Amino acid sequence: MSDSLMIETKGMTKEFGKFVAVDGIDLRIERGAVHGFIGPNGAGKTTTIKMLIGAIRCTRGSGYIMGQPVGSVAAKRLIGYSPEHPAFYREMSALDYLVYMARVCGVAGDVERKAIDLLDWLELGKFTESKVGGFSAGMKQRLGLAQALIHDPELLILDEPTANLDPTGRMSILGKLRETSKERGVTIFISSHILGELEHLVDSVTLINKGRVVAEDSMQNLKEAYSKDRYVLKTSDNGAVLDAIKARTRSLISDSWIDEGGFIHLVSQDGVSLKRQVVEVIRERGALLDHFSQEEVTLETIYRRKMGLEAE
Ligand SMILES: Nc1ncnc2c1ncn2[C@@H]1O[C@H](COP(=O)(O)OP(=O)(O)OP(=O)(O)O)[C@@H](O)[C@H]1O
Ligand SMILES: [Mg+2]
């Protein structure tokens, strides 16, 4: 166990009867990181998160938050948590609710001032006295974030915090999370299905499927690994150019196809020779080259390939 890590788990497992929902997960999340936790429905994300926050016990293995065993009071104090489906006391005002939660967490000092500042920051300043029952999904999500931050946690654990929001609401929450990470130095562990947005927030990811870790790395390493040996080009005569490249450089290319957007994809371990051949073929055919680059992979592509939905 290392207390230089914010989260560390070793073989963390959860069984519900005979069903293994989380199967020996090892996590090592650095302090200050923004870490994405992704996987399909039923992969075990929420179950893992519930073990991390100490809401349920692991069947086997262990987990630590800054060296404190998960479920201990010391570990819980370090965590701010926003659940998948936040539930509130409908009749309470946003401010009363936050003040109440702050007191439950043992926050000292001027709790009301702190709650008002937090609501202002989350653009709920006009609704401090409004009953939570009348809040929209986006407002509830923001209040959930306020509740998770009220005691200045070291670690923010968020289970799909933008799932029910429209694009504007999502952008706003993601902006707040970026600010929380940069300005408050809070470590963020976030599960989400919205990979296009997550990609611009996280610096590392864990991908799980059927309770097991399928991939774990920094975004940079993953992107490099997945764009290596992959090229895309677009020409004025894609079909003929691709046929000619294949005829000339059969052994250079291990895979090739033309996508729906009209881009030729080439997989080759010898990029230098490939570039030379491409230039020659285009000149010979009298075609025009519109685009040539290394493939830029998105988190969505990495996810699809790792999940076997697309060829690796
Ligand atoms: N209390 C429980 N009893 C029995 N099975 C459970 C329980 N909680 C979760 N499971 C099962 O464990 C598996 C993992 O569920 P979990 O909620 O962790 O998935 P998830 O990755 O969060 O999925 P989603 O993306 O849909 O939120 C699922 O098959 C689920 O049905
Ligand atoms: Mg879930």
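So which of Gly133, Gly109, Gly169 is under 19 Å from the mean Cα position of the chain (by Cα) and either over 23 Å from Met66 (Cβ atoms) or not in a helix (DSSP H, G or I) (or both)? Show your work before the answer.
Details: Gly133 fails: under 19 Å from the mean Cα position of the chain (by Cα); Gly109 fails: under 19 Å from the mean Cα position of the chain (by Cα).
The conditions single out Gly169.
Okay, residues lined up against (1) within 17 Å of the chain's Cα centre (by Cα); (2) part of a helix (DSSP H, G or I):
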| position | (1), (2) |
| --- | --- |
| Glu84 | yes, no |
| Arg90 | no, no |
| Gly144 | no, yes |
| Ile157 | yes, no |
| Thr162 | yes, no |
| Glu183 | no, yes |
Cβ-Cβ distance below 7 Å, separation of 6 or more or different chains: which pairs start in the stretch 184-202 with a residue that is aromatic (Phe, Trp, Tyr) and end on one that is not in a loop (DSSP other than H, G, I, E, B)? Phe189/Ile7; Phe189/Ile29; Phe189/His35; Phe189/Phe37; Phe189/Leu155; Phe189/Ile157
Does Ser82 fit the bill of being in contact with a strand residue (DSSP E or B) (Cβ under 6 Å, 6 or more places away or on another chain) and under 18 Å from Arg184 (Cβ atoms)? yes
Members of the stretch 1-49 that are outside any strand (DSSP E or B) and either more than 10 Å from ligand 1 (Cβ to nearest atom) or in contact with an Asp or Glu (Cβ under 9 Å, 6 or more places away or on another chain) (or both): Met1, Ser2, Asp3, Ser4, Lys18, Arg31, Gly32, Ala33, Gly44, Lys45, Thr46, Ile49
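For Leu266, are the conditions met, namely being more than 10 Å from Thr235 (Cα to Cα) and at pLDDT 90 or above?
On the way: more than 10 Å from Thr235 (Cα to Cα): yes; at pLDDT 90 or above: yes.
Taking the combined requirement at face value, the residue satisfies it.
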Just checking, how many residues over the stretch 203-248 are without any contact (Cβ under 8 Å) to a residue 60 or more places away in the chain and among the small types (Gly, Ala, Ser)? 7
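Being out of contact with any helix residue (DSSP H, G or I) (no Cβ under 8 Å at 6 or more places or on another chain) and within 14 Å of ligand 1 (Cβ to nearest atom) is the filter here; which residues of the stretch 50-64 pass it? Lay out the reasoning, then the answer.
Here is the first cut: in the stretch 50-64, the ones out of contact with any helix residue (DSSP H, G or I) (no Cβ under 8 Å at 6 or more places or on another chain) are 50-52, 55, 59-62.
Residues satisfying the conditions are Lys50, Met51, Leu52, Ala55, Thr59.
Residues that are among the charged types (D, E, K, R), surrounded by 17 or more Cβ atoms within 10 Å (Cβ to Cβ) and either more than 30 Å from Ser136 (Cα to Cα) or touching a residue at least 40 places away in the same chain (Cβ under 8 Å) (or both): does the stretch 30-40 have at least one?
Step one: filter the stretch 30-40 for residues among the charged types (D, E, K, R), giving 30-31.
Now narrow it down to the ones that are surrounded by 17 or more Cβ atoms within 10 Å (Cβ to Cβ): none.
For the stretch 30-40, residues among the charged types (D, E, K, R), surrounded by 17 or more Cβ atoms within 10 Å (Cβ to Cβ) and either more than 30 Å from Ser136 (Cα to Cα) or touching a residue at least 40 places away in the same chain (Cβ under 8 Å) (or both): absent.
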Is there a residue being surrounded by fewer than 17 Cβ atoms within 10 Å (Cβ to Cβ), of a type in the set (Ser, Thr, Tyr) and under 15 Å from the mean Cα position of the chain (by Cα) anywhere in the stretch 246-253? no
(1) within 16 Å of ligand 1 (Cβ to nearest atom); (2) closer than 23 Å to Ser293 by Cβ all hold for Leu198 apart from (2)
Please state which of the following conditions Arg113 fails to meet, knowing it meets all the rest: (1) surrounded by 17 or more Cβ atoms within 10 Å (Cβ to Cβ); (2) more than 16 Å from ligand 1 (Cβ to nearest atom). (1)
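So which of Leu119, Leu78, Leu158 ends up being in contact with a Ser or Thr (Cβ under 8 Å, 6 or more places away or on another chain) and either more than 16 Å from ligand 2 (Cβ to nearest atom) or basic (Lys, Arg) (or both)?
Working: Leu78 fails: in contact with a Ser or Thr (Cβ under 8 Å, 6 or more places away or on another chain); Leu158 fails: either more than 16 Å from ligand 2 (Cβ to nearest atom) or basic (Lys, Arg) (or both).
Checking each option against the conditions leaves just Leu119.
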Would you confirm, using the coordinates I've provided, whether Ala94 is touching a residue at least 12 places away in the same chain (Cβ under 8 Å) and either farther than 29 Å from Leu309 by Cβ or buried (at least 17 other Cβ atoms within 10 Å of the Cβ) (or both)? yes
The stretch 45-59 residues that are within 13 Å of ligand 2 (Cβ to nearest atom), paired with ones that are acidic (Asp, Glu) (beta carbon under 8 Å, 6 or more apart): Lys45/Asp159; Thr46/Glu84; Thr46/Asp159; Ile49/Asp159
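The values are calculated or read from the model by the stated rules, or taken from the named source; none is laboratory data. All values derive from a computational prediction rather than experimental measurement. Neighbour counts run over all protein chains shown; Cβ positions are idealised from the backbone, glycine included.
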